[in-house]
There are 2 protein chains.
Amino acid sequence: MSGAPFARAETIAVGSELLALGRVDTNSGQIAARLATLGIDVVARSVVGDHAGHLELAVRTALQRADLVVLTGGLGPTDDDLTRQAVASALGRSMHEDAEQLARIEARFARRAIPMPAINRRQALLIEGALRLDNPNGTAPGQWIDLGAQAIALLPGPPREMGPMLEGLVEGPLATRVGRARTRSRGLKVAGRSESAVESTLQPLYAEWRAQDPPIDATILAALGRIELHLFVRGEDEASAVTALETAIGAAADALGPAVYTTRDESLEELAGRLLREAGWRVAVAESCTGGMLGARITDVPGSSAWLDGGLITYSNALKTALAGVPAALIAEHGAVSEPVARALAAGARARCGTEVGIGITGIAGPDGGTEAKPVGTVFIAIETPRLAACRQARFVGDRAVVRQQSVSAALDMLRLALTGLDPIGEAR
Amino acid sequence: MSGAPFARAETIAVGSELLALGRVDTNSGQIAARLATLGIDVVARSVVGDHAGHLELAVRTALQRADLVVLTGGLGPTDDDLTRQAVASALGRSMHEDAEQLARIEARFARRAIPMPAINRRQALLIEGALRLDNPNGTAPGQWIDLGAQAIALLPGPPREMGPMLEGLVEGPLATRVGRARTRSRGLKVAGRSESAVESTLQPLYAEWRAQDPPIDATILAALGRIELHLFVRGEDEASAVTALETAIGAAADALGPAVYTTRDESLEELAGRLLREAGWRVAVAESCTGGMLGARITDVPGSSAWLDGGLITYSNALKTALAGVPAALIAEHGAVSEPVARALAAGARARCGTEVGIGITGIAGPDGGTEAKPVGTVFIAIETPRLAACRQARFVGDRAVVRQQSVSAALDMLRLALTGLDPIGEAR
């Protein structure tokens, strides 16, 4: 049986533990992202505790808003696992024991040479008219209930069980209920710009994109030291969607200029690593206020031993001198947080580690140590390569963690600019 | 007017942007945590897009489950800001313009010498019978609607506006609707143990705690390299709750032994810093596979210049020799990932940086570089102090990021054990 394509979905994550301190429901986001590629929008999502009445109400409510309702969790064998019963009650349907599923559960226990606890029988209960969705990674099967104009999916809660079953759902029963339209996306990433600066640069393009047929939707995501632009287009024809996205990303990249560091799915540290490898250069760091964070971030990338040799963590002034060779007199004259010391750290990293590129960072991360002339957030970042030496004075706004992370992102961006032949501090001026 | 105390709450976060890629609703968790301290449980939470019908339905649904409904977001001045109207419709009430609020909004714009856009008038609309909740950080006021047995709160979406207004709500209109019972909590943190090991050690205690009057609830949170136990007790009498929690935490700490590193609200790196300061010792690191992460984590703590001097990032073998003085012959004989090299790194960090304590880390973080004898996840962590020298061989399971983070946590735990006079590798044996 195949009906009209679904447009609106709602997810319900079941489990009181998901409402407790520090627990996160990751399933709903994963489901929303997957459905979005199929052109199905999630219009609401909820988390409901293990309470039969509350759950039944959630299902009834979702059926008033959405074509497709996806529940995750509450399919275990205990008294707290109420999803099957709640959906059956909401639909006014009965449940029956599925002999084949019961045999599977028994076989699973037999393979582990454990007698099946009586309560696990409950996991063989299917809602009247439901299609069983096999769970290769657990005892709880999923269920798919086709209601004609709507459908309900029940998936298990553990993400490693849910993930493969979601794919099975998309390839299987959901496939006939998806229209030919797909949502496709492209993105770009910007360093060293505020969200509002990016927004205002792109404002005229937004209007153009919205007026196109099909329209292009834009979303801006701001992270520390990084702004991402994501463009989405929904349509049936892949070629024209790809072309429209390509053109729009190109226009956005032109408008934003060299602040755009990539239009691929790569991080700043991956890009910097790739550029270093292409240049045949290696890098070393000398870090004061970041205490090793820049080295850590560069080595987050697998294979980074091909472009990073190592570095110096010069937190104390004595080690700035002993490890990086910064003259004590220079520190005494200008202060540890100064352009000359940052430049000496970059040069020292390069010389002591024998690399082509050296980066030095010194600053005041806070919360203490700020002065009127050099408030918390003042950071000097220097780079030295065989072709250039440069230093940027930044004043980051935020707490200690923010200042440190911004410092590392700014250093990586200077490295990226230097390696692409651009002025490493031109963008920040 | 004051009614029966509230027991069950539901939160509704409003805004289509919260359903989009990568956006997170942080308000609901903050509200749940604050209400929990007042003995009010959140039984469901949802995120609903900017759609009048969907929102009205969400409010009606929540009123069937909860005594207290807290909505955040959708109080702005645009056509997409539908929360006021949706709540009014759900209750069958009208709205009126609040002259005092309109004057406040006008004054706010006047202070910034901007004419008030006509659409901002909408933010002066109050639902019939609502109490206005002032917003010191924005133009959108909140609203409080007392329904007798139930109540609805409307709060703005931006967290910096929502947070202070939530406190105002708790101190103000909500104060009369809170029972005398409070939920109080205590916790402890464990290093170097798996979640299941902690669970099975605590299992007998769980049963005892549940049987107590009032019962103690336990929650285990697992993070990388850290397990947290949180105990909760709900009751009217503060003294007996505090005593019950104290006794229970003591019993849990006894059962878990030296793997418990703190019963305070402090991180492993904060604890290690405090212990170093108490000992009057300073530390230096020499990091290979972690590339600076240990230095970064130690310096996450404000004031860490009092106990960390710095360190060496010795990613390449050449720098292990040049910076940390590890003999090239030692590397050639045992391999860079070996106990002798880890010990030499710790000794080298100590000697080159002139500190009392040195820590060395060398390992295979992956995804490549593993061998049959030393698979990915093999990490040697060495510590040297004026009193001892020790090295632990670990085999961490997980991807590159997990192996690196576990390595850093294990190193900090060895430091903590060494500083408290315990065997730094006894716990891991």
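The values are calculated or read from the model by the stated rules, or taken from the named source; none is laboratory data. As the structure is a computational prediction, the values presented were derived from the model and not from experiment. No Cβ is skipped: glycine too gets one built from the backbone with ideal geometry, and neighbour counts run over all protein chains shown.
For the stretch B:173-219, which residues satisfy the criterion of being closer than 19 Å to B:V397 by Cβ and in contact with a helix residue (DSSP H, G or I) (Cβ under 6 Å, 6 or more places away or on another chain)? Once the filter is applied, which keeps residues that are closer than 19 Å to B:V397 by Cβ and in contact with a helix residue (DSSP H, G or I) (Cβ under 6 Å, 6 or more places away or on another chain), the stretch B:173-219 yields B:V190, B:A191, B:G192, B:R193.
Residues checked against (1) at pLDDT 95 or above; (2) surrounded by fewer than 21 Cβ atoms within 10 Å (Cβ to Cβ); (3) within 23 Å of A:V24 (Cβ to Cβ); (4) out of contact with any helix residue (DSSP H, G or I) (no Cβ under 6 Å at 6 or more places or on another chain):
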site	(1), (2), (3), (4)
A:S94	yes, yes, no, yes
A:L102	no, yes, no, no
A:A110	no, yes, no, yes
A:A113	no, yes, no, yes
A:L131	yes, yes, no, yes
A:T139	no, yes, no, no
A:I145	yes, no, no, yes
A:A151	yes, no, no, yes
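Can you find even one residue in the stretch B:326-334 that is within 30 Å of B:D265 (Cα to Cα) and of a type in the set (D, E)? No: zero hits.
State whether one or more residues within the stretch A:324-335 are without any contact (Cβ under 8 Å) to a residue 24 or more places away in the chain and crowded, with 18+ Cβ neighbours inside 10 Å. Spell out how you get there, then give the answer.
First pass over the stretch A:324-335, keeping only residues without any contact (Cβ under 8 Å) to a residue 24 or more places away in the chain: A:326-334.
With the extra rule that they be crowded, with 18+ Cβ neighbours inside 10 Å, the set shrinks to A:326, A:331.
Yes - at least one qualifying residue is present in the stretch A:324-335.
Against the criterion of being at positive phi and either outside any helix (DSSP H, G or I) or touching a strand residue (DSSP E or B) at 6+ places or on another chain (Cβ under 7 Å) (or both), B:G257 does not qualify. Reported count of residues in the stretch B:67-82, each being outside any loop (DSSP other than H, G, I, E, B) and in contact with a helix residue (DSSP H, G or I) (Cβ under 6 Å, 6 or more places away or on another chain), is 4. Under the condition of being of a type in the set (G, A, S), over 23 Å from A:H54 (Cα atoms) and not in a loop (DSSP other than H, G, I, E, B), the residues counted in the stretch B:9-42 number 1.
Of all the listed residues (B:R104, B:R122, B:R108), the sole one being in a helix (DSSP H, G or I), touching a residue at least 40 places away in the same chain (Cβ under 8 Å) and not hydroxyl-bearing (S, T, Y) is B:R122. Among the residues that make up the stretch A:287-296, is at least one of them at pLDDT 95 or above, farther than 15 Å from A:L415 by Cα, touching a Leu at 6+ places or on another chain (Cβ under 9 Å) and polar (S, T, N, Q)? Looking for residues that are at pLDDT 95 or above, farther than 15 Å from A:L415 by Cα, touching a Leu at 6+ places or on another chain (Cβ under 9 Å) and polar (S, T, N, Q), one finds at least one in the stretch A:287-296, hence yes. When the stretch B:318-330 is filtered for residues that are outside any loop (DSSP other than H, G, I, E, B) and away from every other protein chain (no Cβ under 14 Å), the ones remaining, listed by number, are B:A328, B:A329, B:L330.
The single condition among (1) over 18 Å from B:I40 (Cα atoms); (2) of a type in the set (G, A, S); (3) modelled with pLDDT of 90 or more that B:G192 does not satisfy is (3). Regarding A:Q64, is this residue part of a helix (DSSP H, G or I) and free of Cβ contacts under 8 Å to residues at least 60 places away in the same chain? So A:Q64 fits the description; yes. Within the stretch A:15-36, if we keep just the residues that are closer than 25 Å to A:L169 by Cα and at the interface with another protein chain (Cβ under 10 Å from one of its Cβ atoms), the residue that is farthest from the chain's Cα centre (by Cα) turns out to be A:L18.
Screening the candidates A:T378, A:T385 for the property of being touching a Lys or Arg at 6+ places or on another chain (Cβ under 8 Å), crowded, with 18+ Cβ neighbours inside 10 Å, in contact (Cβ under 8 Å) with a residue 40 or more places away in the chain and more than 14 Å from chain B (Cβ to nearest Cβ) yields one hit, A:T378.
One residue stands out among those in the stretch A:299-317 that are in a helix (DSSP H, G or I) and more than 7 Å from every other protein chain (Cβ to nearest Cβ): the one that is surrounded by the most Cβ atoms within 10 Å (Cβ to Cβ), which is A:S304.
Every residue in the stretch A:37-54 that is at the interface with another protein chain (Cβ under 9 Å from one of its Cβ atoms), more than 12 Å from B:A58 (Cβ to Cβ) and among the aliphatic types (A, V, I, L, M), please. Scanning the stretch A:37-54 gives A:V42, A:V47, A:V48.
Within the stretch B:143-158, being farther than 10 Å from B:D67 by Cβ and assigned to a strand (DSSP E or B) holds for B:Q143, B:W144, B:I145, B:D146, B:I152, B:A153, B:L154, B:L155. Note on the stretch A:64-87: residues that are surrounded by fewer than 19 Cβ atoms within 10 Å (Cβ to Cβ) and within 21 Å of B:H51 (Cβ to Cβ) total 1.
Taken together, A:E167, A:E199 contain a single residue that is surrounded by fewer than 18 Cβ atoms within 10 Å (Cβ to Cβ), within 30 Å of A:D254 (Cα to Cα) and either modelled with pLDDT of 95 or more or of a type in the set (D, E, K, R) (or both), which is A:E199.
Candidates are the residues of the stretch A:238-258 that are under 17 Å from A:E195 (Cα atoms) and in contact with a helix residue (DSSP H, G or I) (Cβ under 8 Å, 6 or more places away or on another chain); the one that is surrounded by the fewest Cβ atoms within 10 Å (Cβ to Cβ) is A:A255. Here the condition is being crowded, with 16+ Cβ neighbours inside 10 Å and free of Cβ contacts under 8 Å to residues at least 60 places away in the same chain; of B:A390, B:A346, B:A401, it holds for B:A390 alone.
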